[in-house]
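Right, one structure below, let's go through it.
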Amino acid sequence: AVLPRHMDSVLDILDALESPARGGSPGTAAALGRGLGVCSTLGCQAVLGEPPGTPERPPALTTGQWQLLTELLHHDPTTPELGAVLVPDGSTVALCPLLAGIEAGLRSGGFGRPLPTLDPPVDPLLAVTITEALGTSFLLAQGRDNNTTTLGPGGCWDNVKNPQNYTLRGPPSPVPDPVAIGAMDGVVLGVRLAQGPLPVAELLRGYYGTGNGSEAGRPPSSYRRRKFGALAGQERLEKEVAATLELLRTLSPTSELLRDVGTQEVVAVARRAAQEFSERYVECPAIMPRCLWGAHPYRGTPAPLQPPLGSVFLHHTLEPSRPCQTFSACARAMRDMQRFHQDTRGWDDIGYSFVVGSDGYLYEGRGWHWVGAHTKGYNTQGFGVGIIGDFTATLPDPDTLALVRDEFLPCAVRFGHIRPDFILRGHRQLGHTDCPGNALFQEIQSWPGFQ
């Protein structure tokens with residue numbers, strides 16, 4: 001049987017590799033990963049060293065497990081989607097930057113060979129996860145038109161229950177979403193391992209949760225943006241991208257890439273790279289596309305919106321009445337709402353523009369571009385944002401409120417979807433309804449933009 005490209009499959013492989021009964025240890029997976037191509041760029045090899053020879057299948061792994069591992073870890077920049085797996089929080093993670101960060105963390109924590117002292121000095125953990133890829137991406141875009149892709153895109157799985165094929169939704173940059181997410185996770189987990197080694201399977205299981213569709217509650221991985229931002233804020237990221245580019249200047253053949261690039265230009269590239277990465281992956285929330293929550297097609301022909309719009313209308317879903325804390329529960333709530341809106345109410349699609357889970361993510365409904373069915377008489381004037389739950393008597397948790405107030409709304413302004421002087425209203429102000437519930441309506445009256 002072909003194994004699903006899910007973190008659960010990777011955890012099974014790591015369990016087999018690290019079993020002391022079979023001669024394994026926390027470093028076994030890292031060493032094997034290096035031999036299979038985890039660290040194939042010049043900057044990464046300057047930090048972690050030349051890869052060992054091509055490994056043979058360890059007896060602990062089945063043929064199917066070995067085939068999956070070799071496919072996931074064979075680094076080919078032209079097909080970055082082949083190195084990605086779906087994780088229980090619903091995001092997609094590239095394994096190469098994740099495992100490179102894990103090896104750097106283990107070695108800086110005293111497990112295995114010590115890391116080299118580099119000149120110019122760079123943070124080894126950031127270099128092998130994100131700063132080389134980020135600096136290279138923005139350096140290559142220098143002098144090209146403004147439409148050159150430097151970050152992203154995201155993508156879609158063919159089936160979230162049995163993920164096999166991941167397809168990017170546009171031309172890939174050197175840092176597509178799975179690479180960015182894998183790099184952030186590599187930094188967060190590398191820092192943890194620097195404090196003392198753990199079996200990698202145990203570390204990943206605690207971080208991502210387990211079970212393809214785990215219902216255990218919000219996993220730590222869904223906080224990756226906040227954790228990464230605390231470890232590598234924009235200022236530090238800028239400094240390390242510049243340092244990594246100066247390191248690449250000393251290596252051949254990347255020295256050619258920097259031959260006519262002065263120090264000030266490197267600083268400017270690093271500043272732009274750190275700012276755009278921080279905006280996209282740290283300060284702004286992740287939005288789960290329709291393909292990931294299992295949306296049915298729109299019925300009919302959607303009407304286009306004309307952004308930037310002047311209003312945002314806040315709703316609660318009422319049904320389901322309980323907030324969802326996992327990707328699988330929130331995705332199921334989205335499918336149930338869409339079915340109700342299409343089949344019972346006779347609408348073309350789920351009515352909301354976006355829906356907010358308590359799992360750390362927004363879910364794309366009609367999205368930025370199409371008129372919704374959320375606030376009768378006002379659908380062309382603003383976006384309708386529904387928070388999953390019944391907030392008549394209780395509030396969403398503080399993280400979910402902050403996701404909307406402090407991340408979603410400012411980012412919608414920054415990227416030109418809503419006007420800087422937008423007006424925020426609760427649904428009840430524009431129709432005969434109790435929505436968005438007494439507790440939530442009272443809360444939003446202190447938010448920026450409320451009228």
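Which of the peptides 135-143, 80-88, 373-381 is most tightly packed, and how do the rest follow, judged by the mean count of other Cβ atoms within 10 Å per residue?
Result, highest mean Cβ count within 10 Å first: 80-88, 135-143, 373-381.
Label the range 83-236 by shape, choosing from rounded, prolate and oblate, from the square roots a ≥ b ≥ c of the eigenvalues of the Cα gyration tensor; if a/c is under 1.5 it is rounded, and otherwise prolate applies when a/b is larger than b/c, oblate when it is not.
The shape class here is oblate.
Solvent-accessible area of Cys324, probe 1.4 Å, all protein chains present, reported in Å² to the nearest ten, please.
Counting only protein heavy atoms, the figure is 10 Å².
Show His341, His432 ordered by accessible area, largest first, where the area counts protein heavy atoms only and the probe is 1.4 Å.
His432, His341
Can you work out ³J(HN,Hα) from phi for every residue in the range 304-318, in order, using Karplus 6.51 cos²θ - 1.76 cosθ + 1.60 and θ = phi - 60°, giving whole Hz and x for Gly and Pro?
With the stated coefficients, the range 304-318 comes to x, 8, 10, x, x, 8, x, 9, 10, 10, 9, 10, 10, 7, 6 Hz.
Summarise the accessible area of the chain (1.4 Å probe, protein heavy atoms) by the percent that is carbon and sulfur.
Carbon and sulfur together cover 52 percent of it.
Taking only protein heavy atoms and a 1.4 Å probe, what accessible area per residue, in Å², does the range 309-445 have with all protein chains in place? Spell out each step's value before the answer.
Working: 5580 Å² over 137 residues.
Accessible surface, normalised per residue, equals 41 Å².
Any idea how far the Cα center of the range 308-325 sits from the one of the range 345-365, in Å?
8 Å
Let me cross-check His417: its accessible surface, 1.4 Å probe, with only protein heavy atoms counted, in Å² to the nearest 10?
Answer for His417: close to 40 Å² accessible.
Given the protein chains as shown and a 1.4 Å probe, how many square angstrom of Ser91 are accessible, to the nearest 10?
10 Å²
If you line up the long axis of helix 7-18 against the longest principal axis of the chain, both from Cα atoms, how many degrees apart are they, to the nearest 10?
In the chain, helix 7-18 runs at an angle near 30 degrees to the longest axis.
With no other cysteine's Cβ closer than 4.7 Å, which Cys residues of the chain count as lacking a disulfide-compatible partner?
Cys96, Cys435
Starting from the eigenvalues of the Cα gyration tensor, five times each then square-rooted, give me the equivalent ellipsoid semi-axes of the chain, largest first, whole Å.
40, 26, 19
Specify whether the C-alpha gyration tensor of the range 115-187 places it in the rounded, prolate or oblate class, a ≥ b ≥ c being the square roots of the eigenvalues: rounded for a/c under 1.5, otherwise prolate if a/b is larger than b/c and oblate if not.
Here the range 115-187 falls in the oblate category.
Using helices alone, what [θ] at 222 nm do you get for the chain, with -39,500 (n - 2.57) per DSSP H run of 4 or more residues, divided over all residues and rounded to the nearest 500?
One gets -11000 deg cm²/dmol as the mean residue ellipticity at 222 nm.
At a Cα cut-off below 20 Å, give the lysines reachable from Lys239, other chains included and same-chain residues fewer than 8 away excluded.
Here the lysines satisfying the reach criterion relative to Lys239 are Lys227.
Write down the accessible area per residue of the range 1-116 in Å², having rolled a 1.4 Å probe over the full set of protein chains.
40 Å²
Going by accessible area, probe 1.4 Å, with all protein chains left in place, what is the ranking of Trp66, Trp370, Trp157, largest first?
Trp370, Trp66, Trp157
Under 12 Å from the Cβ of Pro396, count the other residues' Cβ atoms, weight Lys and Arg +1, Asp and Glu -1, and hand me the total.
-3
With a point put 7 Å past each Cα toward its Cβ, work out how far Ser446 is from Asp421 in nm, to one decimal.
2.7 nm
What shape does the range 309-445 have by the C-alpha gyration tensor, where a ≥ b ≥ c are the square roots of the eigenvalues, rounded means a/c under 1.5, and otherwise prolate means a/b greater than b/c and oblate the rest?
Taking the square roots of the gyration eigenvalues as a ≥ b ≥ c, the range 309-445 is rounded.
The values are calculated or read from the model by the stated rules, or taken from the named source; none is laboratory data. Keep in mind the model is a prediction, meaning the values are calculated, not measured. Every residue, glycine among them, receives a Cβ derived from its backbone with ideal geometry; neighbour counts consider all protein chains shown. The protein model used for the area step is the full one, side chains on, heavy atoms only, and it has no ligands, DNA or RNA in it. Shrake-Rupley method; radii C 1.70, N 1.55, O 1.52, S 1.80 Å.
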